[in-house]
Protein chains: 2
Amino acid sequence: MRASAYPLVDAGLAASRVLELVPVLPGEDVPLAEAAGRVLVDDLVASSPLPPFRSSAVDGYAIRAADAGLRLPVVGESAAGRPFQGELPAASAATVLTGGVVPAGADTVVMVEEVEGGDGWIVAPAGFPAGRNFHKPGDDLRPGDLVLRRGLPLGAAELGLAAAVGRARMRVHRRPRVALMSTGDELVEVGEEPGPGQIVDSNRWALLAALNEAGAEVTLLGVAPDQPGPLRELVLQALAAHDALVTSGGVSVGTHDLVKPLLESLGEVHVGRVKLKPGKPFTFATLPDGRVAFGLPGFPVSSLITFEVFVRPALRKMQGYAALQRPALPVRLGYDARAPGDRTEYQRVTLSREGADLVARSTGSQSSSRLASLTGANALVRVPAGDDGIPAGTLVEALILSLPA
Amino acid sequence: MRASAYPLVDAGLAASRVLELVPVLPGEDVPLAEAAGRVLVDDLVASSPLPPFRSSAVDGYAIRAADAGLRLPVVGESAAGRPFQGELPAASAATVLTGGVVPAGADTVVMVEEVEGGDGWIVAPAGFPAGRNFHKPGDDLRPGDLVLRRGLPLGAAELGLAAAVGRARMRVHRRPRVALMSTGDELVEVGEEPGPGQIVDSNRWALLAALNEAGAEVTLLGVAPDQPGPLRELVLQALAAHDALVTSGGVSVGTHDLVKPLLESLGEVHVGRVKLKPGKPFTFATLPDGRVAFGLPGFPVSSLITFEVFVRPALRKMQGYAALQRPALPVRLGYDARAPGDRTEYQRVTLSREGADLVARSTGSQSSSRLASLTGANALVRVPAGDDGIPAGTLVEALILSLPA
């Protein structure tokens with residue numbers, strides 16, 4: 001056994017290198033029902049006005065403003081989808097329902113609550129102005145207006161807007177197809193009883209959830225074979241149908257670690273160790289045809305933190321997102337943060353509101369095996385290496401995983 | 001046509017009433033792969049220690065600390081899953097790989113980078129202390145420890161922890177099954193060319209995305225029949241297989257609105273109008289067997305805002321979440337906010353970081369038909385009714401939809 005030959009790379013540099021090397025995936029057409037959370041490939045431009053006609057904003061009566069104050073016969077109705085036919089005669093009113101077409105000739109709409117009468121005739125308040133209570137064609141969008149900009153992630157409002165301008169399908173970046181594999185002779189399936197020296201493969205389930213949340217389509221390869229030949233075969237097969245391979249475990253310097261030598265033989269290993277705590281053994285390699293491989297450490301917290309720092313931003317780049325990182329907010333440290341040693345530490349914290357501040361408190365022991373340090377964590381605080389640390393009370397930028405209720 | 005008989009209810013009171021009346025759904029057992037985003041029904045308690053054995057944190061050599069500084073023969077190996085058999089003899093070392101069992105007899109682990117030798121023998125630094133570089137049984141969890149508290153939403157770390165303690169399935173609250181229906185004679189399917197007075201049914205796609213994001217399982221009923229008999233038939237059939245009915249449109253006071261009379265005949269309408277802008281016609285009803293119905297207005301922004309204010313918190317209660325509302329943060333108003341009239345307005349804003357502040361700027365015209373006021377919106381600012389408004393520069397609590405990059 002020898003110490004690792006890979007240089008310890010600064011975590012920030014390693015993250016930049018990963019982002020340089022992962023590709024943006026091409027577009028595909030999907031129906032609206034499958035487009036949520038995806039990123040638009042092309043600008044969407046309006047080809048016709050929205051609303052397409054003068055559309056009543058309320059239930060009421062369309063009149064000519066000049067006739068306000070007069071007793072007006074109700075000569076017809078303009079319900080949504082069933083417009084009043086022809087022009088509204090002078091000195092008359094037409095019932096209009098919300099969303100209905102304001103008849104030609106009318107120039108204002110009076111709400112039902114504001115009129116007198118209602119049984120075949122109405123009186124609108126004297127002096128009622130023109131132009132009230134209806135949307136004009138093009139009020140929301142004119143032909144040629146940019147409806148949705150390329151690169152925009154599609155949520156409920158964006159999909160509603162796309163439908164409103166007649167788009168039944170959207171061209172969005174493809175989701176990354178990821179093959180997920182655990183490595184380690186000590187692993188047993190969840191539900192099996194571990195023997196001496198064995199533990200349950202828990203990373204598979206944590207990483208599956210993290211990958212899905214980040215937008216990946218995941219294939220579970222299970223626990224890797226512990227022989228180089230079968231392992232190579234499995235990985236080659238998986239790469240044929242996936243954009244990325246994610247492994248956990250087997251990237252340390254131990255004599256039985258098979259992942260790094262395999263990645264070396266298949267492509268180029270760009271990062272083999274990082275100055276990050278937890279997560280030193282993180283490995284990143286490029287493989288033929290634009291495929292990439294992420295070798296995550298085996299300790300549960302290390303695998304999830306390196307996922308956050310390196311894999312999640314990469315998956316977002318692949319999907320066309322402009323914002324690759326978790327959002328950052330200033331938080332006030334509620335504890336003395338130190339990262340003794342030579343590695344930047346991502347400390348897990350809860351957040352709570354105190355006045356206008358978000359106060360960060362440690363989730364307890366930051367051991368790389370202690371997943372409980374991540375359960376309920378709201379944010380990650382990056383603490384620079386060294387004995388000085390950051391004293392309690394300091395305002396620091398934190399990566400926000402979720403805001404407190 | 002007559003003005004609505006329903007009282008205008010304060011939006012906050014209406015929201016509380018909805019939350020009182022929606023049920024928490026019962027639990028179901030799901031495999032780990034389907035448990036992400038779900039809420040745990042019962043406390044999960046550890047039945048055995050984690051780690052289950054003395055587990056090496058590094059690749060290195062297990063020794064007795066008393067032997068540090070001596071030349072020690074390497075008498076065996078303890079790889080992950082293949083423990084060293086028996087007790088480590090005095091004045092010897094065993095290779096241990098990360099995750100491997102620290103052999104009985106050894107009391108410390110020296111990292112490979114710290115030793116001299118390596119070919120059959122090693123020398124650890126003189127004075128190397130006991131107890132280094134390994135995790136002790138129960139360091140992370142002891143039997144009886146609370147692993148995950150009931151009511152906790154399950155994310156990556158929580159699922160990893162559940163797997164680590166041997167749980168292949170989790171008991172979580174059922175997702176709400178929601179039937180989604182659009183109403184309105186003016187609606188055509190997306191992809192069809194609208195005729196005079198017609199528009200595309202866009203709410204269906206916006207609400208589908210919003211419902212899915214909120215955790216619901218959605219059945220699309222399409223556009224409702226415009227005759228009371230067939231409509232009643234469709235709704236009764238849908239309610240037999242769903243927890244909730246969500247409609248958009250048809251809840252105003254117009255003569256052709258069929259939804260409110262139908263809900264009156266099937267159950268009890270608790271809210272028929274709210275002092276909310278946009279969203280005045282919002283309707284909420286309880287139906288037999290704990291089912292509920294949400295009647296959302298037809299204007300696109302109104303339907304999504306009432307979804308946010310009333311439906312999303314209700315769906316979260318149904319799924320067992322403790323935090324029902326969007327998180328709130330203080331933001332500095334970058335514009336003079338006013339809500340003339342008698343209704344609280346939920347104004348859509350973007351957020352941007354300026355120093356330590358989040359500054360809120362209006363998304364432009366807040367017309368209830370203009371979906372573009374919601375695209376790219378980061379937050380909702382609740383502006384009280386009245387002409388006074390809130391001047392630019394004021395710090396207000398905003399409901400956060402998404403944080404800016």
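Values quoted throughout were computed directly from the atomic coordinates according to the rules given, and no laboratory measurement underlies them. This is a predicted model, so every value here is computed, not measured. Positions of Cβ are generated from backbone atoms using ideal geometry, with glycine treated the same way; all protein chains shown enter the neighbour counts.
Summary of computed values
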{"quantity": "Taking A:Asp145, A:Asp107, A:Asp140 and counting other C-beta atoms within 10 Å, the order from fewest to most", "calculated": "A:Asp145, A:Asp107, A:Asp140"}
{"quantity": "Hits among lysines - C-alpha to C-alpha of B:Lys275 under 20 Å, sequence gap 8 or more where chains match", "calculated": "B:Lys260"}
{"quantity": "C-alpha long axis of helix A:11-21 to longest principal axis of chain A, angle in °", "calculated": "60"}
{"quantity": "The stretch B:328-400 - charge dipole about Cα centre, Lys and Arg +1 at Cβ, Asp and Glu -1, debye rounded to 20", "calculated": "280"}
{"quantity": "Additional length obtainable on full extension of the chain from A:Glu28 to A:Gln85, 0.36 nm per residue less Cα span", "calculated": "16.2 nm"}
{"quantity": "P(r) of the stretch A:258-340 over all Cα-Cα pairs, binned every 5 Å from zero, in whole percent", "calculated": "3, 13, 19, 19, 21, 13, 7, 4, 2, 0"}
{"quantity": "Charge dipole of chain A about the Cα centre (unit charges at C-beta), most positive-ward option of A:Gln319, A:Ala392, A:Asn212", "calculated": "A:Ala392"}
{"quantity": "Where only alpha carbons of the stretch A:1-103 are counted, the Rg and the Dmax (Å)", "calculated": "30.2, 99"}
{"quantity": "Residue order, fewest to most beta carbons within 10 Å, for B:Val271, B:Val45", "calculated": "B:Val45, B:Val271"}
{"quantity": "With Cα atoms, 0 to 90° folded angle of helix B:203-213 axis to chain B main axis", "calculated": "30"}
{"quantity": "Lys, Arg +1 and Asp, Glu -1 on Cβ, resulting dipole of the stretch B:295-356 about Cα centre, debye, nearest 20", "calculated": "220"}
{"quantity": "Cα Rg, Dmax (largest Cα-Cα span) when computed across the stretch B:328-400, Å", "calculated": "11.5, 36"}
{"quantity": "Value of [θ]222 nm, deg cm²/dmol, for chain A, DSSP H segments ≥ 4, -39500 (n - 2.57) each, nearest 500", "calculated": "-4500 deg cm²/dmol"}
{"quantity": "Förster-model FRET efficiency, 30 Å R0, A:Glu116 and B:Asp336, C-beta, rounded to 0.05", "calculated": "0.25"}
{"quantity": "Point-charge dipole on Cβ atoms (K/R +1, D/E -1) for chain A, about Cα centre, debye to 20", "calculated": "800"}
{"quantity": "Estimated FRET transfer efficiency (B:Glu193, A:Glu20; beta-carbon r; R0 51 Å; 0.05)", "calculated": "0.65"}
{"quantity": "Inter-label distance for A:Glu213 and B:Leu324, nm, one decimal - labels placed 7 Å from Cα along Cα-to-Cβ", "calculated": "2.4"}
{"quantity": "At R0 = 22 Å, FRET efficiency that the Cβ-Cβ distance of B:Leu395 and A:Ser402 yields, to 0.05", "calculated": "0.45"}
{"quantity": "Percent antiparallel among DSSP beta bridges (both partners in chain B, rounded to 5)", "calculated": "65"}
{"quantity": "Alpha-carbon centroids, the stretch B:109-147 and the stretch A:159-210: separation in whole Å", "calculated": "33"}
{"quantity": "Segments B:130-136, B:212-218 sorted - mean Cβ within 10 Å per residue, highest first", "calculated": "B:212-218, B:130-136"}
{"quantity": "Euclidean distance of C-alpha centroids, the stretch A:83-99 and the stretch B:2-77, integer Å", "calculated": "61"}
{"quantity": "Stokes-Einstein D in µm²/s, Kirkwood radius over Cα pairs - the protein assembly as shown at 25 °C with 0.890 mPa s viscosity", "calculated": "83"}
{"quantity": "Segments B:182-188, B:27-33, A:228-234 sorted - mean Cβ within 10 Å per residue, highest first", "calculated": "B:182-188, B:27-33, A:228-234"}
{"quantity": "Proxy reagent accessibility, fewest Cβ within 10 Å first, across B:Thr108, A:Thr219, B:Thr306, A:Thr286", "calculated": "A:Thr219, A:Thr286, B:Thr108, B:Thr306"}
{"quantity": "Share, in percent, of DSSP beta bridges within the stretch B:55-135 that are antiparallel, nearest 5", "calculated": "75"}
{"quantity": "Listed residue pairs exceeding 31 Å between alpha carbons, taken from B:Lys277/B:Lys317; A:Lys136/B:Lys280; A:Lys317/B:Lys317; B:Lys280/B:Lys317; A:Lys277/A:Lys317", "calculated": "A:Lys317/B:Lys317"}
{"quantity": "Inter-probe distance in nm under a simple model that places probes 7 Å from Cα toward Cβ, at A:Asp42 and A:Asp226", "calculated": "5.4"}
{"quantity": "Percent antiparallel among DSSP beta bridges (both partners in the protein assembly as shown, rounded to 5)", "calculated": "65"}
{"quantity": "Label-point gap, in nm, between B:Ala126 and B:Leu8 - each point 7 angstrom along Cα→Cβ", "calculated": "8.9"}
{"quantity": "Relative frequency of Cα-Cα separations exceeding 27 Å in chain A, percent", "calculated": "63"}
